[in-house]
Structure formats: structure tokens, C-alpha cells
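The values are calculated or read from the model by the stated rules, or taken from the named source; none is laboratory data. On a predicted model such as this, the values are computed, not experimentally measured, just so you know. For neighbour counting, all protein chains shown are included, and Cβ atoms are generated from backbone atoms with ideal geometry for every residue, glycine included. What goes into the accessible areas is simple: the full protein's heavy atoms, side chains included, and nothing from ligands, DNA or RNA. Shrake-Rupley method; radii C 1.70, N 1.55, O 1.52, S 1.80 Å.
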Amino acid sequence: MEIKRKYTDEPGADKGAIHLMINRWCGNSCPLCCNRQYDLETVPVATVEDLKAAHTVMLTGGDPFYVESLMDILAQLRYDYHNIEYVYIYTSGFPMLENVDILRYPEQFFSGVNGINFSPKSISDYAAIREMLSNPQYIFQCSAYLRNNRIILMPNDFMTRKQQEEYIKSLPLEGLASYGAKFDVEYREWQEEFQPNGGVWRRLPVFL
Ligand code: SF4
């Protein structure tokens, strides 16, 4: 039987920066996904005290954009916890494009979100990110709300690093920056023994 690691907060981790896991499903199956490495039952459930002490919440999963109630979760976080200064959402890309509520209710969706952390894993994810960032409706959302974004690129078996760099050059990031939406780009390696990098992980009592 596969033995998974138990999650514990890293020594000195900033407990005000919470990676809040709300679901498990993402549609991809990356072999070194951190969710496969840890026993997710050992990730502590977020308490009211945790959220009252948070300055930043990063919604993660799975892919949060597959959660039908994501818009309600965002609204409630902002309504109940005025102490939370920044809210970010992690996505691989394709699930965000697939979420029809975003373009139906764009202001409600993004008015409380400071940025998106895109981390494409499949060809569909790469295509979805390019499609979104070239769509005037998303450009408007980025410039109005999603001002601090990140694109995190991991090695894969369908693109070389050079092709990833060309992909990044093909995105309209400079144009978006001129509207006030910043996109930091990071190239990361997969970790055989994933270590949370700053902040702490918390989860909902049930995954959505
Ligand atoms: S896309 Fe992210 S959450 Fe999904 S399997 Fe890959 S690393 Fe894990």
C-alpha cells in the first residue's frame, strides 16, 4: 500500500498566508502532484480563528474553478473576514475557461480577487490561458481586478523549456501590464518530496 506523507506546518511558516484547499478534482493527473504525495486528511481544517488571522487566502484544490459555488465562497470570504487583504486563485487554466459563470457574472466573480496563479499542465491548459488572455472580456477583468497574477511553468513531456519561453512571449503580457495587470512568470521544477513554500495549508472539512 502506498504510504503518503503527513502534512505539518513548516517551522516559521506564515500562518496568515493560507492555501485553502476546497476540492480535489482538477482533470489532470500529474505524477508528482503534491496532493498525491500527502495524506490530505492530515491537512488541518481551516478554523474561524485561522481565517480571522489571515492576510492572504489562496484558494486551491484540485482546481477551484470546478467548484460550482466558487463565486459564493469568494463573496462570503470577503463578507465575513475583512482582515483578508488578498485573495488569489490557483488554476491550471482550462477549468477557468470552462467556468461559464465568470463571463456571465464577471464583476461578482472577480471583484474580490486580487490575482490568478496559472500553472498549466496540459496542452488544453496552455491553449486556454492564451485564449483567455487574448479575450477582451478577460482583459477587462484582469485590468480591473486581477492585477497581480502569476504564471508558473513546470517541465512536461510535450514542450521543451525553449517552447515554454516562446509560449510566454506569445502571450499579450506587456499589453496587459499597460492596463495595470501584472503577470510574473516562474519556471519551477517538480519536487519528488514537495515542500510547501511559505504559508500554511488548510482545507475545508469536506472537499467540494
Ligand atoms: S493540475 Fe495541479 S492539482 Fe491537478 S494533478 Fe496536476 S499538480 Fe495536481
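Residue selection: Ile152 fails the criterion of being among the β-branched types (Val, Ile, Thr), modelled with pLDDT under 90 and within 30 Å of Ile73 (Cβ to Cβ). Only one entry of Tyr7, Tyr90, Tyr66, Tyr105 meets the criterion of being in contact (Cβ under 8 Å) with a residue 24 or more places away in the chain, buried (at least 16 other Cβ atoms within 10 Å of the Cβ) and away from the ligand (no atom under 12 Å from the Cβ), and that entry is Tyr7.
Residues in the stretch 80-101 that are over 30 Å from Ala53 (Cβ atoms) and of a type in the set (A, V, I, L, M): 2 in all. Is it fair to say Glu193 is part of a loop (DSSP other than H, G, I, E, B), within 14 Å of the ligand (Cβ to nearest atom), closer than 24 Å to Thr60 by Cα and open to solvent by 80 Å² or more (accessible area, probe 1.4 Å)? For Glu193, the condition - part of a loop (DSSP other than H, G, I, E, B), within 14 Å of the ligand (Cβ to nearest atom), closer than 24 Å to Thr60 by Cα and open to solvent by 80 Å² or more (accessible area, probe 1.4 Å) - is not met. Residues that are aliphatic (A, V, I, L, M), assigned to a helix (DSSP H, G or I), surrounded by 20 or more Cβ atoms within 10 Å (Cβ to Cβ) and free of Cβ contacts under 8 Å to residues at least 40 places away in the same chain within the stretch 108-131 comprise just one, Ala128.
Of the residues making up the stretch 39-59, at least one is within 16 Å of the ligand (Cβ to nearest atom) and touching a helix residue (DSSP H, G or I) at 6+ places or on another chain (Cβ under 9 Å). Among the residues of the stretch 10-19, those identified as open to solvent by less than 60 Å² (accessible area, probe 1.4 Å) and either among the basic types (Lys, Arg) or part of a loop (DSSP other than H, G, I, E, B) (or both) are Glu10, Ala13, Gly16. For the stretch 132-172, filtered to residues that are assigned to a strand (DSSP E or B) and away from the ligand (no atom under 16 Å from the Cβ), the residue that is least open to solvent (accessible area, probe 1.4 Å) is Asn149. Restricting the stretch 20-34 to residues that are within 12 Å of the ligand (Cβ to nearest atom) and not in a loop (DSSP other than H, G, I, E, B), the residue that is surrounded by the fewest Cβ atoms within 10 Å (Cβ to Cβ) is Cys34.
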